[in-house]
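The values are calculated or read from the model by the stated rules, or taken from the named source; none is laboratory data. No experiment lies behind these values; they were computed from the predicted model shown. Cβ placement follows ideal geometry from the backbone for every residue including glycine, while neighbour counts extend to all protein chains displayed. Ligands, DNA and RNA are stripped out before the accessible areas are found, and what is left, the full protein with its side chains, is counted by its heavy atoms. Shrake-Rupley method; radii C 1.70, N 1.55, O 1.52, S 1.80 Å.
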Amino acid sequence: MDLHQFEIQILPFKDKIFRLALFLLSDKAEAEDATQEVFVRLWNHKNNLSSVENIQAFVLRVTRNLCLDKLRTKNRRQEEIDTSNNVVEETMVNPHEQTEQRNLLDFVKQQIALLPEMQRTIMTLRDIEELEFDEIAEITGLNENAIKVNLSRARKKIRDYFSSER
Amino acid sequence: MNDINKLLDKYWAGETNLEEERIIKQYLSQQQLGANNVEKDLFAGLDAAGKIHLSNPSFETNLRTTLLHKEKQNHKRLFHILTYSAAASIILAVGLFNMNQKREAYVVEKGVRYDDMEKAINCADQAMSEAIAPLKQSMQSLQPIKGLEGSLTPSYKKNSLAKKDSENIHTSNVYDDSAFNKR
């Protein structure tokens, strides 16, 4: 795989990689560094990428593993996400709605950041990236039932946070 | 409404499929459910989270530069590996060839093969002695002739030799005189 093919096939995953890294690391700058590192790792294995069946699952698994390495070395857990520079696509109609949407986004990010790592990963992959259970299984190494149990716990916790905080 | 409540129950249990989750999102986004409705707010927040993207405009340019640099490094590394491998192969081949040559050093004497170097040299020595023994014997029989060497010299040779001797004596006297004059 040459650079041109790499840009066509792998680079489009950059926002997904960034979002997963952002929700796992809770830091925008670190998430951006991690995204770059993921691409370098993938580039180093560019000759094997063509044999990968599900590129999206593979890319996100590499992302998760790298973020876990970073979390282990820095021992950073449950930090609040710095939301100051994150960009939300401008799809809202008026400034009031835009502010409301941003508040909800900040709140969701803060609550997801409080979840244990596995629940955080699963909720990000399912409710934000909208991945199928078999893809999440490939990324996390868990079976479908375990994923559903973790997902249910994560959703209920977030619901409880929303109920108590708002 | 009942259907949506059932779907929401499934959703909290983690049992909904993607299509059912899309139906819930769509329903909640279209309904006027009033402020602080938990489900509506949660789905709106998750929807906004899915729209986060990398906002750094130079990300792709930086990444391209990094990847090209890595590629160059990989080529260099490959070149070094190949060079060292070739050098190692040559050294190994030369070493093996030498070892083989040493193993081939042997002597066959009277149908017996000697691989041990010292034995082989001794054996070759003995064989040589045996070969030159008749020659030595014939040389010994020539010894009495050696005494006649002087009588066999021709007379003109004898005269010239005598002349050379007298000249040598004269030049040595001249030298002695000059040495004496200096004093």
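Is it true that some residue in region A:26-40 is buried (at least 17 other Cβ atoms within 10 Å of the Cβ) and modelled with pLDDT under 80? Among the residues of region A:26-40, not one is buried (at least 17 other Cβ atoms within 10 Å of the Cβ) and modelled with pLDDT under 80, which makes the answer no.
With respect to B:Glu20, determine if the residue is in a helix (DSSP H, G or I) and either polar (S, T, N, Q) or at pLDDT 90 or above (or both).
On the way: in a helix (DSSP H, G or I): yes; either polar (S, T, N, Q) or at pLDDT 90 or above (or both): yes.
Yes, satisfied.
For region A:2-25, the tally of residues that are farther than 22 Å from A:Glu130 by Cα, open to solvent by less than 50 Å² (accessible area, probe 1.4 Å) and more than 7 Å from chain B (Cβ to nearest Cβ) stands at 1.
Considering B:Ala48, B:Ala44, the condition of being within 11 Å of another protein chain (Cβ to nearest Cβ), touching a strand residue (DSSP E or B) at 6+ places or on another chain (Cβ under 7 Å), open to solvent by less than 60 Å² (accessible area, probe 1.4 Å) and not in a loop (DSSP other than H, G, I, E, B) is satisfied by B:Ala48 alone.
Please specify each residue of region A:41-67 satisfying the condition of being of a type in the set (A, V, I, L, M) and open to solvent by less than 20 Å² (accessible area, probe 1.4 Å). If the condition is that a residue be of a type in the set (A, V, I, L, M) and open to solvent by less than 20 Å² (accessible area, probe 1.4 Å), then A:Leu42, A:Leu49, A:Ala57, A:Val59, A:Leu60, A:Leu66 are the ones that fit. Based on this model, can you work out whether B:Leu63 counts as hydrophobic (A, V, I, L, M, F, W, C), open to solvent by less than 50 Å² (accessible area, probe 1.4 Å) and at the interface with another protein chain (Cβ under 9 Å from one of its Cβ atoms)? Considered against the rule, which asks whether it is hydrophobic (A, V, I, L, M, F, W, C), open to solvent by less than 50 Å² (accessible area, probe 1.4 Å) and at the interface with another protein chain (Cβ under 9 Å from one of its Cβ atoms), B:Leu63 comes out as yes.
Number of residues in region B:26-41 that are at the interface with chain A (Cβ under 10 Å from one of its Cβ atoms) and assigned to a helix (DSSP H, G or I) equals 4. Listed by first and then second residue, the pairs with beta-carbon distance under 9 Å, at least 6 apart or on different chains, first residue in region B:71-96 and assigned to a helix (DSSP H, G or I), second surrounded by 10 or more Cβ atoms within 10 Å (Cβ to Cβ) and not basic (Lys, Arg), are B:Glu71/A:Leu3; B:Glu71/A:Trp43; B:Asn74/A:Asn44.
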